[in-house]
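Written out below as structure tokens is the structure these notes cover.
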Amino acid sequence: MGFLDIRIEKTERAIKQAFMELRTEKPVEKIRVKELCDRACINKSTFYAHYQDIYALANAMEDEMVQAVVESLPRLAREMFRAFAEHREEITVLFSGSRQGLFINRVEQAMCQCIAQTDPTFETDVVRKVVLSFCVQGCYYTFTSYCGQMDEKRLVTLLASIARAAQRIRM
């Protein structure tokens, strides 16, 4: 890595750190490039060499975070399915009869709450809620329906692939 690469990385880190600090203090609409540059100890021209405006920076950082979460979802899905398999008897007993559908609804509700805590825009994003519901409900139904008919590891991998594809849907 050359000297220029190190300077670019250092500048990127300073910009992102300053943005996160400012973002904890105020909404993105109230952040000005000048105050971000002052906090990051860079010139405005340096900022504009990296980003078109504050919103471009915000979008880039949000995309990075979403990608990090999406990349972890296959592990999360595997862990979730492993937990389903390990506790299948208890789940079947506790959530049987008239309570049969409550388990996965509660799992979905808990996931929605976790996502909303880290991303408040989730609350009003109906498309993302539909995709999450489809993934959670559909994957659970499919997992419980086909677990005995297919190798569990292969089934989980297949369901994780379907969930990843569903997450890319934007309407």
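The values are calculated or read from the model by the stated rules, or taken from the named source; none is laboratory data. Keep in mind that what you see is a predicted model, and the values were worked out from it rather than measured. Here Cβ is always computed from backbone atoms with ideal geometry, including for glycine, and neighbour counts include all displayed protein chains. These accessible areas exclude ligands, DNA and RNA; they are computed on the full protein's heavy atoms, side chains included. Shrake-Rupley method; radii C 1.70, N 1.55, O 1.52, S 1.80 Å.
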Exercise. Average the reciprocal distances over every distinct pair of alpha-carbons in segment 1-52, invert the result, and give the Kirkwood radius in Å.
Key: 11.3 Å
Quiz prompt | 0 to 90° range, to nearest 10: angle between helix 126-146 axis and the chain longest Cα axis | solution = 40 degrees
Self-check item: Count, lysine Cα pairs under 28 Å in the chain, 8 or more residues apart or across chains
Solution: 14
Self-check item: Inter-part distance where segment 1-56 and segment 107-171 are each reduced to a Cα centre, Å
Solution: 35 Å
Quiz item: Once both axes come from the Cα atoms, what is the angle between helix 54-86 and the longest principal axis of the chain, in degrees from 0 to 90, rounded to 10?
Solution: 20 degrees
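Round to a whole number: what % of the accessible area of the chain belongs to carbon and sulfur, probe 1.4 Å?
56 percent
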Exercise. Give a residue-ordered list of calculated ³J(HN,Hα) values for segment 35-47 (Karplus: 6.51 cos²θ - 1.76 cosθ + 1.60, θ = phi - 60°; whole Hz; x for Gly, Pro).
Key: 5, 5, 5, 4, 5, 7, 6, 9, 7, 4, 5, 5, 4
Quiz item: How much area per residue is accessible in the chain when the probe is 1.4 Å and only protein heavy atoms are counted (Å²)?
Solution: 69 Å²
Quiz item: Short version: ³J(HN,Hα) in whole Hz for each residue of segment 108-120, in order, from phi by Karplus 6.51 cos²θ - 1.76 cosθ + 1.60 (θ = phi - 60°), x for Gly and Pro, what are they?
Solution: 4, 4, 5, 5, 4, 5, 4, 5, 5, 5, 8, 9, x
Self-check item: segment 92-171 - Kirkwood radius from inverse mean 1/r over Cα pairs (Å)
Solution: 13.9 Å
Quiz item: Here are some values of Rg/Rh (Cα atoms, Kirkwood Rh): (1) 0.98; (2) 1.12; (3) 0.95. Which one was computed from this structure?
Solution: (2)
Quiz item: Once the Cβ-Cβ distance between Ile8 and Leu102 is put in as r, and R0 is 45 Å, what FRET efficiency do you end up with, to the nearest 0.05?
Solution: 0.30
